[in-house]
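What follows is a short report on a single structure.
Coordinate-derived values only; no laboratory data. This structure is a prediction, so every number in the text was calculated from the model and none was measured. Reconstructed Cβ throughout: ideal geometry from the backbone, glycine too, with neighbour counts over all protein chains shown.
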Amino acid sequence: MYPMIHPIHRILAVLLLASGLFTGTASAASVLPPAHSPAPKTAVQAVQAASVQRRRPIPQFTTHFTQAHPASLHPTLRWKPILGTVYYRVQVWLPNGSPLPEERSYVAGCSLSLPQETRGNVKVRIQSFDLDDTPLSEPSALENVYVDPQKKEALFPMPLSRFNSGNGTTLLYPVYNWIPLQGIRNYEVEVLNTNAVSPAQEASDGQLLERGRSTGFDWYDDEAHYAPYTMYWRVRAVDEKGTPLSQFCPPQPMTVDPDADYEVGTLGDSISHGGGDLSYSPSDFAYSYQYYLPFDSINLSQSGDTSEATLERFDRDVLPFHPRYLIIMTGSNSLRGWISGESVIQDLKGIKEKCEENEITPIFMTLPPVNPANIKRAFDEPTAEGWREEMDKVNSWIRSLPWYIDLGTQFDETQDLPTQYALDGLHLNFRGKRLMARAITDQWAGIMEKIKAAKEKEED
């Protein structure tokens with residue numbers, strides 16, 4: 001069995017090393033369109049100029065800097081995410097028309113570090129691309145960013161993760177995302193029990209719950225965090241030795257209260273933890289099936305889990321929250337990693353027994369197929385021969401239960417998982433997660449009726 005690591009971490013490391021995070025060289029495409037160019041000058045003109053037949057979206061900036069409200073020499077720009085994007089190409093022209101090196105951003109935003117003499121309108125254009133460098137959007141309209149070099153503001157990575165912001169947005173194992181500072185790869189994250197901390201100093205031992213290091217734009221927290229009070233996280237840029245290169249961002253709230261009386265919990269591996277399309281993490285909630293459910297739930301899943309790992313951490317991670325119902329899907333990592341279907345079934349039986357011993361109603365979900373060719377392409381990992389036959393055994397056992405969620409209503413189990421639902425062959429993207437949510441929503445009322453009938457029968 002090959003080592004089970006966070007797959008998205010591996011592919012992002014490959015992408016960042018291949019492209020160079022926020023680095024590059026100016027190319028012919030970086031030349032600023034001349035004044036007589038037909039290139040769109042405003043968002044409205046850009047929309048009008050887009051080809052109706054191609055139906056590709058046009059990126060829209062959400063941050064704007066004008067002469068009345070100028071940017072500093074280190075502005076952070078944001079735009080509306082275009083789902084399915086692996087990276088955005090960022091092109092920048094200084095007020096004199098000269099281009100800066102093209103950049104790639106793997107989040108819907110970027111930071112700039114402009115020359116000291118920059119003053120006036122800096123022009124920025126973005127476009128989204130997939131893994132094959134095929135455009136997923138039209139180029140944006142040129143955005144004017146008015147820069148005043150005299151403006152001073154604190155320098156820190158812009159936080160992106162917004163927990164507790166809707167259904168399914170509470171994570172036992174958080175993933176923290178931010179817009180990285182231009183040219184800086186290393187970051188330090190603190191998890192805190194208070195927001196009364198200095199942006200320029202590390203938290204004291206009494207304020208600190210955890211501290212970790214990461215590269216790029218996110219950090220998958222391997223430590224579960226829950227408390228009856230609001231916790232906080234923050235991030236700052238550091239060099240390879242850990243010397244600070246920026247302030248910490250303002251503390252970001254995060255509530256994971258075991259006494260919040262969650263009726264539904266979800267348990268499993270990275271498919272349930274969230275994320276997909278290589279660049280999106282579990283805190284990008286459009287890539288979480290829980291986000292699309294008509295009821296709230298607490299996400300107790302952890303990326304990288306095998307069925308054995310899910311069983312092993314059950315007492316530690318599930319029991320503190322005492323959910324009434326637990327939606328469970330785990331085993332995909334085991335089956336693709338040469339673990340037999342019989343072994344996975346034994347783990348699922350163990351989870352079922354633990355649920356019943358603790359008055360939790362288990363609701364297992366059948367496993368969707370995988371796509372070995374896409375897994376190999378994205379992660380350079382092989383998939384076990386015979387995985388489909390072993391998965392059929394697991395799904396047959398799940399379907400023998402008195403109630404379960406059948407994903408076979410949405411995915412053809414006789415075929416490899418289509419690329420349109422999982423670019424990397426494993427992690428269902430926003431389209432796939434919507435189908436998962438549809439299956440749960442469509443079948444939920446019937447499952448509740450079966451559970452009710454079973455309990456009434458027990459009482460008779």
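Compared with the dominant Cα axis of the chain, that is its longest principal axis, helix 7-19 is turned about 20°. Between LYS452 and ARG78, full extension at 0.36 nm per residue minus the direct alpha carbon distance yields a gain of 129.8 nm. Potential lengthening of the chain between ASN96 and LYS241 amounts to 48.5 nm, from the contour at 0.36 nm per residue minus the alpha-carbon distance.
Report the calculated FRET efficiency for ALA260 and GLU413 (r = Cβ-Cβ distance, R0 = 30 Å), to the nearest 0.05. Calculated transfer efficiency: 0.25. What percentage of all Cα-Cα pairs in segment 264-459 are separated by more than 26 Å? The calculated P(r) of segment 264-459 puts 26 percent of pairs beyond 26 Å. Projected onto their three principal axes, the Cα atoms of segment 109-259 cover extents of 50, 36, 27 Å, largest first.
Taking Cα atoms only, the orientation of helix 341-357 departs from the longest principal axis of the chain by about 80 degrees. Per-residue Karplus couplings for segment 324-332, computed as 6.51 cos²θ - 1.76 cosθ + 1.60 with θ equal to phi - 60°, are listed in order as 7, 10, 10, 7, 10, 8, 8, x, 4 Hz, Gly and Pro entered as x. With the cut-off at 14 Å, report for segment 135-190 the share of all Cα pairs above it, as a whole percent. Across segment 135-190, Cα pairs with separations above 14 Å total 74 percent. Whole-Hz Karplus values for segment 160-171 come out as 10, 5, 10, 7, 6, 10, x, 4, x, 10, 10, 10 Hz, taken residue by residue from phi with 6.51 cos²θ - 1.76 cosθ + 1.60 and θ = phi - 60°; glycine and proline positions read x.
If the chain were replaced by its equivalent ellipsoid, with semi-axes equal to the square roots of 5 times the Cα gyration tensor eigenvalues, what would those be, largest first, whole Å?
Semi-axes from the Cα gyration tensor: 42, 26, 19 Å.
Think of the chain as a dipole: +1 on every Lys or Arg Cβ, -1 on every Asp or Glu Cβ, centred on the Cα centre; then among TYR325, PRO159, VAL191, PRO159 lies furthest on the positive end. In the calculated pair distance distribution of segment 309-408, what percentage of Cα-Cα distances lie above 23 Å? Summing the P(r) of segment 309-408 above 23 Å gives 30 percent of all pairs.
Here's how it looks for LEU192: its modeled amide H is under 5 Å from those of LEU209, TYR232, TRP233, which are all 5 or more places away or on a different chain. Annotation: for a label point projected 7 angstrom from Cα along Cα→Cβ of GLU202, residues of segment 241-261 with backbone N closer than 18 Å are 241-249. Taking amide H as placed 1.01 Å from N in the peptide plane, VAL122 has its amide H under 5 Å from the amide H of VAL145, TYR146, VAL147, each at least 5 places away in sequence or on another chain.
For segment 441-450, 3J(HN,Hα) computed residue by residue from phi via the Karplus equation (6.51, -1.76, 1.60; θ = phi - 60°) reads 4, 5, 9, 4, 4, x, 5, 4, 5, 5 Hz, glycine and proline entered as x. Taking amide hydrogens as placed 1.01 Å from N in the peptide plane, the amide H of TYR87 sits under 5 Å from those of PHE129, each at least 5 positions away in sequence or on another chain. Take 57-64, 304-311 and order them by the average number of nearby Cβ atoms within 10 Å per residue, most first; the result is 304-311, 57-64. Of the GluC sites (Glu not before Pro) found in segment 206-253, the ones in coil according to DSSP and having at most 12 other Cβ atoms within 10 Å of their Cβ are GLU223, GLU240. Normalising by residue count, segment 194-316 has a Cα convex hull of 146 Å³ per residue. Calculate the dipole size of segment 264-459 relative to its Cα centre from +1 charges on Lys and Arg beta carbons and -1 charges on Asp and Glu beta carbons; express the result in debye to the nearest 20. The calculation lands at about 440 debye. Cross-link pairs exceeding 32 Å between alpha carbons, from the set LYS393/LYS455; LYS376/LYS433; LYS393/LYS457; LYS349/LYS457; LYS80/LYS452; LYS80/LYS241: LYS80/LYS452; LYS80/LYS241.
Packing-wise, with mean Cβ within 10 Å as the measure, how do 195-201, 390-396 rank, highest first?
Most protected by this proxy first, the peptides run 390-396, 195-201.
Per DSSP H run of n ≥ 4, the term is -39500 (n - 2.57); total these for the chain, divide by its residue number, and report the mean residue ellipticity at 222 nm rounded to 500 deg cm²/dmol.
Details: 10 runs with 107 residues, N = 460.
The helix-only estimate for the chain comes to -7000 deg cm²/dmol at 222 nm.
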